[in-house]
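Quick note: the coordinates plus some simple rules give every number you see, no bench work behind them. In this text, all values refer to a predicted model and were calculated from it rather than measured experimentally. Here the Cβ positions follow ideal geometry from the backbone for every residue, glycine too, while neighbour counts run over all protein chains shown.
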Amino acid sequence: MRTAKVVIGANYGDEGKGLMTDYFAAQGGDSLVVRFNGGCQAGHTVTTPEGKRHVFSHFGSGTFAGATTYLSRHFAVNPPLYLKEREALAPLVGQLPTLFFVDERAPVTTFFDMLVNQLVEEYRGENRHGSCGLGFGETIGRHEGGAYALAVRDLLDVTTLREKLIRIRDEYLPARCKELGLPDYGKHYDLCTTDTLVDAFIESAQKFLSLVVLVPDAVSPLSLASNVVFEGAQGLLLDQEQGAFPYVTRSNTGLRNALDVAREAGIGALDVTYMTRAYLTRHGAGPLDHELPGSPYIGVVDLTNRPNAWQGSLRFAYLDLDQLALAIGTDLADACGAGIHINAQLGVTCLDQLDERAHVRVNGALHEVTPEDLIYMAGQRVLPVGFCSWGPTRDTIVAMRESLAA
């Protein structure tokens, strides 16, 4: 029975999914990283033991370890930002993997999706939803509507692509802005009424197609790899069905999409690692129970989630094991009956950033514990702890045990 690994964020994102994916991809064999949700708004940081650092977006976080990437049909592709990331990553890697697979059914993000996303967030002011401003939610909404859907396979015919982009610009964009209550395009008027963005997007799309391998319907590249790692984006508490609407991502962030891709590839078992920091973070608007006024520990370092105009500053709380157990339990229950065997465990990161005494919530009460006690309590209350990281690189990960059936 073929088995693959799955890495899922168990909180609000930023739990160490990139670190864990890099670790798994470096374990040997021909590695393939499968992106099964989200889009380029995901930022997964990987730092190598040699000090190279990159925040992965389109490319799988196993790229430093030599892994190939597969963007499944559940990933929203943004050709211009793919090219931008490729350009930034190439000097760090030296030789990028020869192959980069993309499901031809995957939805495509346009400049217009990014524009309307940014316009509406600016218009909301203090009532922002915490978006990254990269148009992921707008892409999914437009694509699911059908009339203005744009998939990767539509990039192949330039004439048809131009027609679709013009229809999105001239019909969908004004209707969507009216639906959202936006008064006008403001400073973006020229971009929304001329061919500037259409021409630029087509140019990027053609270059994108020259660098990737399109995967037809019902064909899976997973059989080409001996070490398959599914890399999730965001976290369970941002899931479109499990999170607190409207402060969610328009995606299923748990096992559902991974199971869908695994079934197509004939994979019979998934070893799932649910990731959490040793404390809780949230970057962007939305509820955060028991939010702290600042960093929970003096050793907390986060070079990726810097304050920005779209999501503000990183927010903190102590780790809540009850919330963690509920989120993971709900996701595992949703996977029941899928016909694929699930082994589940917990991965705990950022343990090196704790003080000598840490804090954790259990049964509604706040406990002061040692970092080792925190690991033990998480294993008792949530899932067996399979991996712990005491630093930002794969060589600081300690494998606690083999995957255990949940």
- Note on the structure: Residue count, region 40-58, condition surrounded by 19 or more Cβ atoms within 10 Å (Cβ to Cβ), touching a residue at least 40 places away in the same chain (Cβ under 8 Å) and not in a strand (DSSP E or B), comes to 3
- The lone condition Glu85 fails out of (1) out of contact with any His (no Cβ under 6 Å at 6 or more places or on another chain); (2) surrounded by fewer than 24 Cβ atoms within 10 Å (Cβ to Cβ) is (1)
- Selected residue (criterion: nearest to Tyr23 (Cα to Cα)) from residues of region 237-281 that are among the aromatic types (Phe, Trp, Tyr) and either touching a residue at least 24 places away in the same chain (Cβ under 8 Å) or touching a helix residue (DSSP H, G or I) at 6+ places or on another chain (Cβ under 8 Å) (or both): Tyr274
- Under the condition of being assigned to a helix (DSSP H, G or I) and not hydrophobic (A, V, I, L, M, F, W, C), which residue from region 77-101 is farthest from Gln206 (Cα to Cα)? Pro91
- Note on the structure: Gln234 passes all but one of the listed conditions (1) touching a helix residue (DSSP H, G or I) at 6+ places or on another chain (Cβ under 8 Å); (2) crowded, with 22+ Cβ neighbours inside 10 Å; (3) assigned to a loop (DSSP other than H, G, I, E, B); the exception is number (1)
- Which one is surrounded by the most Cβ atoms within 10 Å (Cβ to Cβ) among residues in region 326-382 that are acidic (Asp, Glu) and closer than 15 Å to Ile8 by Cβ? Asp331
- So Ser295 clears everything in (1) touching a strand residue (DSSP E or B) at 6+ places or on another chain (Cβ under 7 Å); (2) surrounded by fewer than 17 Cβ atoms within 10 Å (Cβ to Cβ); (3) touching a residue at least 24 places away in the same chain (Cβ under 8 Å); (4) not basic (Lys, Arg) except one condition, right? Which one? (3)
